[in-house]
Amino acid sequence: MTHAIRFHKTGGPEVLAWEEVTVGKPGPGEARIRHTAVGLNFVDIYNRSGLYPVQLPSGLGSEGAGVVEEVGPGVSDLKPGDRVAYGNGPLGAYAEARLIPADRLLKLPDGIDDKTAAAMMLKGLTVQYLIRQTYRVKAGDTILLHAAAGGVGLILGQWAKHLGATVIGTVGSDEKAKLAKAHGCAHTVVYTREDFVKRVDEITEGKKVPVVYDSVGKDTFLKSLDCLAPLGVVALFGQSSGGVEPLNLGLLAQKGSLYVTRPTLNTYGAKRENLVAMAKKLFEVVQSGAVKIEVNQTYLLKDAARAHADLAGRKTTGSTVLTV
């Protein structure tokens, strides 16, 4: 019998239950995959807690890797036995097996193992759109990255350095500062004791930065605006500290005709051709060694509640994978 993590009400990690589920045959445009590894992400906490509402009862997780078991009618570019991964599938990755729209699945190159794939798809594809599309980072840029020791942060720091940018990363501790520096950050700011606005001003000699990548939200957003050069952009792509208060748009004028965007992977990767192109760039930088994906924590899938508690408690660094 197949098992999956389900939740019947929103709340803390304790609402997650390990249940038997039935996985049927794939319908038109679908594939059935058996997972080998599943990625853990902050968005999973948002879904579980009710911050991002879902229809209950619900599965959880939108990132995983595994093997195609069967394809439904109309699926021509996948076959049983193919190694695949995905980073923006519908909820339900926390499962031993599942049905999924085949157009969300990406074939894995031989040089990328399943654990690495499960750890990098959502985060790596997020980094791709952030630094190559939302704001196209170029050589000579100095950029600000919050949560630089997190899963997205460690990938973004390396990729941006590879592009020739200077990365200023904010972190919560000296230990995380070391980790961020080892993954592309030229400068780190421990926000628990340093004012990152002041440090950005010092590092850039008053020029400030063209872009801030902010996944923290409430605690950092307004100060992020103060780090931007005129015409700069804040890419707010998460809210680990809570949602941002409604913004007086006049502030954007006062602070230098600034831009604010709230991008999502689901939008950037909505079209199959865009998703495939994004994944191709991600696979290239990983296989070249320019970006190293490090799985720093592994939990059994049935222990997802403990993994959620550790992630929320900031006890994790880099990528975490749930193994099946």
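Values in this text are rule-based calculations from the coordinates and carry no lab data. Just so you know, these numbers come straight off a predicted model, no measurement behind them. Here Cβ is always computed from backbone atoms with ideal geometry, including for glycine, and neighbour counts include all displayed protein chains.
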Descending semi-axes in whole angstrom, ellipsoid equivalent of the stretch 139-262, from the Cα gyration tensor:
21, 16, 13
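Using only alpha carbon positions, build the gyration tensor of the stretch 195-250, then give the equivalent ellipsoid semi-axes as the square roots of 5 times its eigenvalues, largest first, whole angstrom.
Working: eigenvalues 78, 31, 18 Å².
That gives 20, 12, 10 Å for the three semi-axes.
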Acute angle (nearest 10 degrees) that the helix 114-129 long axis makes with the longest principal axis of the chain, alpha-carbon atoms:
40 degrees
Distance between the C-alpha centers of the stretch 64-115 and the stretch 10-36? Whole Å please.
13 Å
For residue 36, enumerate residues with amide H under 5 Å from its amide H, sequence gap 5+ or separate chain, H modeled in the peptide plane.
65, 66, 67
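Sort the stretch 250-324 into rounded, prolate or oblate with this rule: let a ≥ b ≥ c be the square roots of the eigenvalues of the Cα gyration tensor; rounded if a/c is under 1.5, and if a/c is not under 1.5, prolate when a/b is larger than b/c, oblate otherwise.
Verdict is oblate for the stretch 250-324.
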Given the stretch 1-153, what whole percent of its Cα pairs are spread farther than 19 Å?
57 percent
For residue 51, put the label point 7 Å out on the Cα→Cβ axis and report which residues of the stretch 129-156 keep their amide N under 13 Å from it.
none
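Do the sum for the chain: with -39,500 (n - 2.57) for every DSSP H run of n ≥ 4, divided by all residues, what is the mean residue ellipticity at 222 nm, to the nearest 500 deg cm²/dmol?
Values: 10 runs with 91 residues, N = 324.
For the chain, the value works out to -8000 deg cm²/dmol.
To the nearest µm²/s, what D does Stokes-Einstein give for the stretch 102-153 at 37 °C and 0.692 mPa s, using the Kirkwood radius over alpha carbon pairs as Rh?
Working: Rh = 13.0 Å.
Calculated translational D: 253 µm²/s.
Considering only DSSP beta bridges with both partners in the chain, what is the antiparallel share in %, to the nearest 5?
Values: 28 of 53 bridges.
Here the antiparallel bridges make up roughly 55 percent for the chain.
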